[in-house]
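See below for the structure under consideration.
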Amino acid sequence: MRVGIIGAGVCGLAAARHLHRSDHDVVIFEKNSSVGGRVSVHRQGEFLWDTGATSIAPRGKLIETVLLEELSTEGLVRIEKPIYLHSGLRVSQGHPGATRYTYQTGNATFAQRLAEGLDVRLEHNVEEIERSNSQYQIFGEKFDALILTPPIPQTTLLLWHLGESRPMANVRYRPCLSVLLGYENPLPITNYHALLDPDQIHPMTWLCLESVKSPGRAPLGGCAIGAQLSAAYSLSQYERDDRSLVQTVAGFVERLYGTSFQSPAVWSVTRWKYSQPESLATFENVNSAGSKLLVASDGLAGGHIEDAFDVGTRTAEQLVEEV
């Protein structure tokens, strides 16, 4: 069976890996110049940040064996420091959470290792699919089955071109502004790797101390910090200019760690329009038995890396079972 997969995020790569290992011919079409989707990395000089998912928490799911046993573990780091909480930037200890991992070279390393040996066509933006009898055609190539992995709004548009729809209208996404700051001075604290506002009230929902999380994220004597802003704040400030956003977030960081954090040496802003789903559709309702056109999106599973891996693998398994 020849299978086309749209999207080389973790979901699409997990599906492709399972199908490839089951001796099926698989081609992945990815619109960007690299694999990973929202598992992405930004580098400026010696500074390095995870701009999307900041860690991988296997939680006993399918991803655990792949991450720890099947793929190379070179550069894989177990995050030793916990997540603390903040309320209006007042910090308190959190509760012991799941075991988390990251890569010294960024979490996109996981996607890159999943992609090894797979036929991935980068910078191939699929905007329309043609159907010919029982086959599907993309860029002139024919496939017996397709797996669509983009966020639900983009997947819905692809289905519309085929005259199809699926019960996914309830799925809603929240945006996220990710603000990356690099400093030439060290952090005054190292007893936690991230701060979380559990009530989602403060504009800065999540603060990741990249230099505490993993070695190799900043030059000697410096530190890298990544902030993710709340859904409500990100929506209202989505079009705000980068420099102004950086000034706001640097102000939060200064309140936490002192006046030496008023002005970062380097900075960047990433905008995620479809950061994470806030509501989900049901896999069984969206993907009926026997269908050769399947949806494998975070809108069916959740926004974590381990959820994306699960739904990608499950979709591939359903295809294999039908052959």
Global geometry of the stretch 34-105, whether rounded, prolate or oblate, following the gyration tensor of its Cα atoms and the 1.5 cut on a/c: oblate
Where N is the number of residues in the stretch 5-53, Cα Rg divided by 2.2 N^0.38 Å: 1.38
Inter-site label distance for N185 and E46 at 7 Å from Cα along Cβ, in nm: 1.8
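What does the accessible area per residue of the chain come to in Å², with a 1.4 Å probe and no ligands, DNA or RNA counted?
45
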Over the chain, relative contact order from alpha-carbon pairs under 8 Å, at least 6 apart, %: 25
Segments 305-315, 262-272, 199-209 sorted - mean Cβ within 10 Å per residue, highest first: 305-315, 199-209, 262-272
Segment Q247-R131, extension gain: residue separation times 0.36 nm, minus the distance between their alpha carbons: 36.7 nm
Percent accessible area from carbon and sulfur atoms, the chain, protein chains only, probe 1.4 Å: 46
Cα gyration tensor, the stretch 126-235 - rounded (a/c under 1.5), prolate or oblate: prolate
Within-15-Å neighbourhood charge of V41 [Cβ basis; K, R +1; D, E -1]: +2
Set of lysines with alpha-carbon distance to K273 below 23 Å, sequence-local pairs under 8 removed: K31
Gyration tensor (alpha-carbon) shape descriptor, the stretch 72-111, a/c threshold 1.5: prolate
The chain, Rg to Rh (Cα coordinates; Rh as Kirkwood inverse mean 1/r): 0.99
Modelled FRET efficiency - R0 22 Å, E116 with T65, Cβ distances, 0.05 increments: 0.85
Whichever lysines have a C-alpha closer than 19 Å to that of K213, once near sequence neighbours (fewer than 8 apart) are set aside: K81
Longest to shortest principal axis, alpha-carbon extents of the stretch 230-316, angstrom: 61, 23, 19
Packing-based ranking, highest mean first, of 107-114, 78-85 given that Cβ atoms within 10 Å are counted: 107-114, 78-85
Rounded Å value of the spacing that divides the Cα centres of the stretch 29-106 and the stretch 200-243: 14
Among 117-128, 145-156, the order from most to least packed when residues are scored by Cβ within 10 Å on average: 145-156, 117-128
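Could you calculate the FRET efficiency of E278 with R90 from 1/(1 + (r/R0)^6), where r is the beta carbon distance between them and R0 is 30 Å, rounded to 0.05?
0.65
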Computed [θ] at 222 nm, deg cm²/dmol, the chain (DSSP H ≥ 4; -39,500 (n - 2.57); rounded to nearest 500): -7000 deg cm²/dmol
Projected-area average for the stretch 142-300 over all orientations - Cα convex hull basis, square nanometres: 12.5
Per-residue ³J(HN,Hα) for the stretch 248-256, Karplus 6.51 cos²θ - 1.76 cosθ + 1.60, θ = phi - 60°, Hz, x for Gly and Pro: 5, 5, 4, x, 4, 5, 4, 5, 7
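Suppose we keep just the DSSP beta bridges with both residues in the chain; what percent of those would be antiparallel, to 5?
Of the beta bridges lying entirely in the chain, close to 70 percent run antiparallel.
If the chain between S288 and L220 were fully stretched, how many nm would it gain, using 0.36 nm times the residue separation less the Cα-Cα distance?
Residue separation times 0.36 nm, minus the Cα-Cα distance, leaves 19.1 nm.
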Tilt relative to the chain, helix 152-161 - C-alpha long axis, 0 to 90 degrees, to 10: 30
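The values are calculated or read from the model by the stated rules, or taken from the named source; none is laboratory data. Keep in mind the model is a prediction, meaning the values are calculated, not measured. Using ideal geometry, Cβ is built from the backbone for each residue, glycine included, and neighbour counts are taken over all protein chains shown. To get the accessible areas, we keep the full protein, side chains included, count just its heavy atoms, and leave off ligands, DNA and RNA. Shrake-Rupley method; radii C 1.70, N 1.55, O 1.52, S 1.80 Å.
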